[in-house]
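The values are calculated or read from the model by the stated rules, or taken from the named source; none is laboratory data. Model, not experiment: these values are computed from the prediction. As a convention, Cβ positions derive from the backbone with ideal geometry for all residues, glycine included, and neighbour counts pool all protein chains shown. The accessibility values were calculated without ligands, DNA or RNA, using every heavy atom of the protein model including side chains. Shrake-Rupley method; radii C 1.70, N 1.55, O 1.52, S 1.80 Å.
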Amino acid sequence: LVFPIVIIAILVVLALFNAAGNRVTRILTWVFQPLVLLCGGFIVAGQLFAAQLTQWAFDNSGDETLESLDAAQLMDAAFNAYPGWSIVVDWAVILLPTLGSLRVIILLAVPSANAYFRKEEPPTYIPGAPTA
């Protein structure tokens, strides 16, 4: 439980500093968000192909007891043991960070983001100074 809370805290800190226009956190976000997207993609793929991957692991285990198990039936039994709403929550927990990371990456890549994070030029005109 500690690891997800640390990840959430990092994302919140990056979001707050990015909203303030901090250029360093923009770079850190460019490093961190693709990792979150990649991990989320692996989790989505793992959920979509859970029965096939489990069956493959059973078949290649070398244990005759495991090789005789049907992973699809095992997964169905496991999912049927949970309440119906938990599947929706599980998919939301998986898809929202993945889609959110994709959105953050796209928003950082648009040209208007460059203008938002651009360093302000110092004023060239100083009031009261003599003009040359």
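Residue-wise test of (1) within 21 Å of the chain's Cα centre (by Cα); (2) at pLDDT 90 or above; (3) open to solvent by 60 Å² or more (accessible area, probe 1.4 Å).
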{"position": "Val2", "(1), (2), (3)": "yes, yes, yes"}
{"position": "Ile27", "(1), (2), (3)": "yes, yes, yes"}
{"position": "Phe32", "(1), (2), (3)": "yes, yes, no"}
{"position": "Val44", "(1), (2), (3)": "yes, no, no"}
{"position": "Ala78", "(1), (2), (3)": "no, no, no"}
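Residue under question is Glu67, and the condition is that it be modelled with pLDDT under 85, surrounded by 12 or more Cβ atoms within 10 Å (Cβ to Cβ) and not small (Gly, Ala, Ser); does it hold?
Values: modelled with pLDDT under 85: yes; surrounded by 12 or more Cβ atoms within 10 Å (Cβ to Cβ): yes; not small (Gly, Ala, Ser): yes.
Answer is yes for this residue.
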Would you list the helices (runs of 4 or more DSSP H) that sit entirely within the range 20-132 and hold 2 or more residues that are over 30 Å from Ile10 (Cβ atoms)?
50-59, 64-67, 71-81
May I ask you to say which residue of Ala19, Ala50 is among the small types (Gly, Ala, Ser) and surrounded by 12 or more Cβ atoms within 10 Å (Cβ to Cβ)?
Ala50
Quick one: count up the residues across the range 90-111 that are open to solvent by 70 Å² or more (accessible area, probe 1.4 Å) and either of a type in the set (Val, Ile, Thr) or at positive phi (or both).
2
